[in-house]
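See below for the structure under consideration.
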Amino acid sequence: MGGRVRCESCGTTVEAASAEVVGTRRLEGASDPADMSMVHAIRCPSCGVVGALVTRYGPEASEVEADVLVALPRGSDRGIAPGSMGPAGARRSSES
C-alpha cells in the first residue's frame, strides 16, 4: 500500500508519499468523459529532474495507480515540466 514512484533519469525509486509534487492537472477525454487521467509534475529528490507522472483515476485506475494517487502529497496547479517518472511496477503502454 502507498505506492512508489521511479525516476527514469537516474533510476531512484521513492515512496509516493515523500515525492515532491510541483504541479497537477486532471484530464478527461473529449469524446469519452470516462477517459480520466491525472498528470503530475514530480521533482526527483536524488537528481532534481522534474518529470511527468501520468496515471488514470476513477474506475479505470489500476491498483498500482490508485495506491500512488492516494499517497501522493497534494501539489499545486503550476505547469508540467518535461521528463519522465512513473509508478514503480507499472507497465508503460509501449511495453504491452
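Laboratory data are not the source of any read-out in this text; all were calculated from the coordinates shown. None of the values given here were measured: they were computed from a predicted structure. FYI the Cβ positions are ideal-geometry reconstructions off the backbone, even for glycines, and counts take in every protein chain you see.
Maximal additional length on extending the residue 18-residue 74 stretch stands at 19.1 nm, based on 0.36 nm per residue less the C-alpha distance.
Compared with the alpha-carbon gap, the fully stretched path from residue 26 to residue 46 is longer by 4.6 nm at 0.36 nm per residue. Each Lys or Arg adds one and each Asp or Glu subtracts one; over the other residues with Cβ under 10 Å from the Cβ of residue 4, this totals -1.
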